[in-house]
Structure formats: structure tokens, C-alpha cells
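Some notes on the structure that comes next.
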Amino acid sequence: MSELGHRGQVRRRKKDHPSLRDLEASSHQEGTITPSITQSVVVQAVVEFYNEAQLDVLQRLNALLSEDDAAGM
């Protein structure tokens, strides 16, 4: 899949699941989980379940999406 295809796929997922865009806000909906706990759990899971190459891809994709957001895409 092309770079643009991956970006589009991630954007669709974010649109379909808005709670993924802001995990801290989502954690407040439950009322019992603090943002720091949410962040800690997500970071721990990502580090545990992804290898170094996958983490690199996630970081690059995040940077591309951030550039798109800044450009208003």
C-alpha cells in the first residue's frame, strides 16, 4: 500500500472512531481513569506489542499526519 493509502486508511479510522483521536478525553468519559493512566497503558502496550521497525513506522506516520493537520488537510 502506498504512503497516501496508509494515511487515508488512518484518517478513515480516526473518523470512524473519534475517541482514538484524543485518548485523554475518552478516558474522562469513563470517570475513573485519569489521563496519565491512559497514556501509561497505551505506551506500555505499544512498546510491548510492537517491534522497533513497527514503532519507527508509527512515528513516521504520525509525523506525516501532523504535517497534514498543520496544512489543513
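Please list, in order along the stretch 54-65, the HN-Hα scalar couplings obtained from phi with the Karplus expression 6.51 cos²θ - 1.76 cosθ + 1.60 (θ = phi - 60°), rounded to whole Hz, x for Gly and Pro.
5, 4, 4, 4, 4, 5, 5, 5, 4, 5, 5, 5
I'd like the accessible area for Val57: 1.4 Å probe, protein heavy atoms, all chains in place, Å² to the nearest 10.
Near enough 90 Å² of accessible area.
The values are calculated or read from the model by the stated rules, or taken from the named source; none is laboratory data. Here the structure is a predicted model, which means the values were calculated and not measured. Remember, those area values only see protein heavy atoms, side chains included, never the ligands or the DNA or RNA. Shrake-Rupley method; radii C 1.70, N 1.55, O 1.52, S 1.80 Å.
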